[in-house]
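What follows is one structure encoded as structure tokens, with my remarks underneath.
The values are calculated or read from the model by the stated rules, or taken from the named source; none is laboratory data. For clarity, every value in this text was computed on a predicted model and none was experimentally measured. Cβ placement follows ideal geometry from the backbone for every residue including glycine, while neighbour counts extend to all protein chains displayed. Quick note on the areas: whole protein, heavy atoms, side chains included, nothing else; ligands and nucleic acids left out. Shrake-Rupley method; radii C 1.70, N 1.55, O 1.52, S 1.80 Å.
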Amino acid sequence: MSEHENRAHDDRRGGRDRRPGGDRRNARGHERNRRARTERTFSSAAPSGRTRRADPARLAAFETLRAVSEEGAYGNLVLPKAVRAHRLDRRDAGFATELAYGALRWQGTWDAVLARCVDRPLADLDGAVLDALRLGTHQLLAMRVPDHAALDQTVGLVRAVVGAGPGGLVNAVLRKVAARDLSAWIAELGTGVADETARLGLAHAHPAWVVRALRQALVAHGRAGTEIEALLGADNDAPVVNLVALPGLGDLTEALDTGAEPGGLVPDSALSSGGDLHRLSSVRAGGVRVQDAGSQLVARALAAAGDGDAEGERWLDLCAGPGGKAALLAALAARRGAHLTANEVAPHRADLVRQALRPVPAHAWTVRTGDGRDAHELLGGRTAEQAGFDRVLVDAPCTGLGALRRRPESRWRRSPRDLAELGPLQRELLEAALDVTRPGGTVAYATCSPHAAETLAVVQDVLGRRRDAELVDALGPARDAALPGSLAGDRDPSRPWEGPAGPATVQLWPHVHGTDAMFLALLRRR
């Protein structure tokens, strides 16, 4: 039985993962790989006798980490290519995904552990060796991989792709890591740390400033700050892949027949267990797309706002790249007799938008490459009253703090400085959108961040400067766009703007709605 088969067999026996709050016991209550230290199941082979090959699944994960570390790449874009390049089957692709995304997600905590086990600063290690150590640590502390397999395979990976020299170092360091389980390491790292926010950051693999910001965001959007641990935990869960069938163009039958389940938040959506979705002909054709349900809801809510007659309307997606929301909006526009202009500032992202819009009838959309702050150029010298847009989406560039599940490396890349840099741009884009909206038209301001500085503060500042715009209720259109009852009760995502009777904004949450933390505000041009 192969190592991956052993792992699958162990899963069927009820094995659990090793994250905080869980243990390493099987269905009979027996601990696995928790023998006395003298009985640990390390490989008995001498280093020279251990494997010198790289397991393809681990190699795909390693290549993903290297691209993220060295090239500033995004893991969710690199890993699928690596999976296809190594021709991994569904099971091994799942293993590579869990390993790569998990190691990226927990990088800060794993580095804190490794710093206790390495006899030099981590910055002095070769980057490839450090990434391999992160992969080994993740297997030892957070996956259902036997310790001997994690050690042997990580050393083999290093020998195959880096060289024989670092193998001994990797073996020695990972043995020190394996001397404690995750709970013990978290306790060790937290010793002497007085600040609760810092302790939460170590325990849940978030920078302390992000923990603080998310707690404040919960309160700002009407939820209890005590939900912070649930939110951090949801950020660390492996995200379920969300699919959308473009209205009138896509069909989820193929996805459902291969194991996907109907989505519970928005129509024409499904939840997939993953794998290489490009194997589905409906995905390759473009009628079915991967898109978070929160993003689907934002696009549908804008389409549902205002009156129901959209015949002849002009719609605008001001920041359209890479094209997910634009594709859904264009499909909705095509069915209702409207036309979508998709604007994107970066030429290569504009090409991605064109590719995303390809399944939609060409008469229903136009792609423009240009700065959204220059949207007045779209009016051709006319006024908004003469040639303005009826519905405008501003999916503003943001820190992405609401999408940490899907972009596992971003939590370590972002800093508070990004808020200061992005704030002026967000305000300028919203103002530009209002400038090109006809009187009576609707602007949707959306971000995939719940941070109040990127959500409520932006809308409030812009409204404070303009007498020609007003906030309108976003909860009603969101409920109209969602499946019946999906935004009721404890899942109510609204925050009244001015007391219980004021217009409501919408804030989704991973731990409540199972989506990215999307924010939505609707503004009407007077």
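One line per residue, one yes/no per condition, for (1) under 30 Å from LEU280 (Cβ atoms); (2) modelled with pLDDT of 95 or more; (3) open to solvent by less than 30 Å² (accessible area, probe 1.4 Å):
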| site | (1), (2), (3) |
| --- | --- |
| ARG19 | no, no, no |
| ARG34 | no, no, no |
| ALA54 | yes, no, yes |
| ALA96 | yes, yes, yes |
| CYS117 | no, yes, yes |
Item to check | Pair list, Cβ under 7 Å, 6 or more apart: segment 475-487 residue closer than 14 Å to PRO503 by Cβ, other residue hydrophobic (A, V, I, L, M, F, W, C) and in a helix (DSSP H, G or I) | outcome: PRO477/ALA301; PRO477/ALA304; ALA478/LEU297; ALA478/ALA301
Checklist outcome for this item: Note on segment 176-215: residues surrounded by fewer than 18 Cβ atoms within 10 Å (Cβ to Cβ) and in contact with a His (Cβ under 8 Å, 6 or more places away or on another chain) are none
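Among what's in segment 383-432 and is more than 26 Å from the chain's Cα centre (by Cα) and open to solvent by less than 30 Å² (accessible area, probe 1.4 Å), pick the residue that is nearest to LEU329 (Cα to Cα).
ARG391
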Checklist entry - If you check ASP124 against the conditions, is it of a type outside the set (Val, Ile, Thr) and surrounded by 13 or more Cβ atoms within 10 Å (Cβ to Cβ)? => result no
Next on the checklist: Looking for something touching a Cys at 6+ places or on another chain (Cβ under 8 Å), under 22 Å from HIS451 (Cβ atoms) and modelled with pLDDT of 95 or more - is there at least one such residue anywhere in segment 219-228?
Outcome noted: no
Checklist entry - In segment 452-481, how many are open to solvent by 10 Å² or more (accessible area, probe 1.4 Å), closer than 24 Å to ASP292 by Cα and assigned to a loop (DSSP other than H, G, I, E, B)? => result 3
Checklist entry - Yes or no: THR366 under 22 Å from GLY324 (Cβ atoms), surrounded by fewer than 24 Cβ atoms within 10 Å (Cβ to Cβ) and either over 24 Å from the mean Cα position of the chain (by Cα) or among the charged types (D, E, K, R) (or both)? => result yes
Item to check | Residue list for segment 482-493, filter: outside any helix (DSSP H, G or I), under 17 Å from ARG223 (Cβ atoms) and open to solvent by 30 Å² or more (accessible area, probe 1.4 Å) | outcome: ALA488, ASP492
Checklist entry - Is it true that some residue in segment 247-258 is open to solvent by less than 40 Å² (accessible area, probe 1.4 Å), in a helix (DSSP H, G or I) and not β-branched (Val, Ile, Thr)? => result yes
Next on the checklist: So the check is Cβ under 6 Å with 6+ separation or different chains; which pairs have a first residue in segment 288-312 that's closer than 20 Å to ALA260 by Cβ and open to solvent by 10 Å² or more (accessible area, probe 1.4 Å) and a second one that's among the acidic types (Asp, Glu) and part of a loop (DSSP other than H, G, I, E, B)?
Outcome noted: ASP292/ASP516
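Only one of ALA112, ALA150, ALA103 is modelled with pLDDT of 95 or more, surrounded by fewer than 23 Cβ atoms within 10 Å (Cβ to Cβ) and not acidic (Asp, Glu). Can you tell me which?
Criteria check complete, one pass: ALA112.
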Next on the checklist: When the residues of segment 175-195 are narrowed to those that are part of a helix (DSSP H, G or I) and free of Cβ contacts under 8 Å to residues at least 24 places away in the same chain, which ends up nearest to LEU135 (Cα to Cα)?
Outcome noted: ALA184
Checklist entry - How many residues, within segment 288-345, are farther than 21 Å from GLY441 by Cα, in a loop (DSSP other than H, G, I, E, B) and touching a Leu at 6+ places or on another chain (Cβ under 9 Å)? => result 4
Checklist outcome for this item: Considering residues that are surrounded by 23 or more Cβ atoms within 10 Å (Cβ to Cβ) and more than 15 Å from ARG58 (Cβ to Cβ), the number found within segment 76-94 is 0
Checklist entry - Of all the residues that make up segment 219-246, how many are within 20 Å of GLY201 (Cα to Cα) and surrounded by fewer than 18 Cβ atoms within 10 Å (Cβ to Cβ)? => result 10
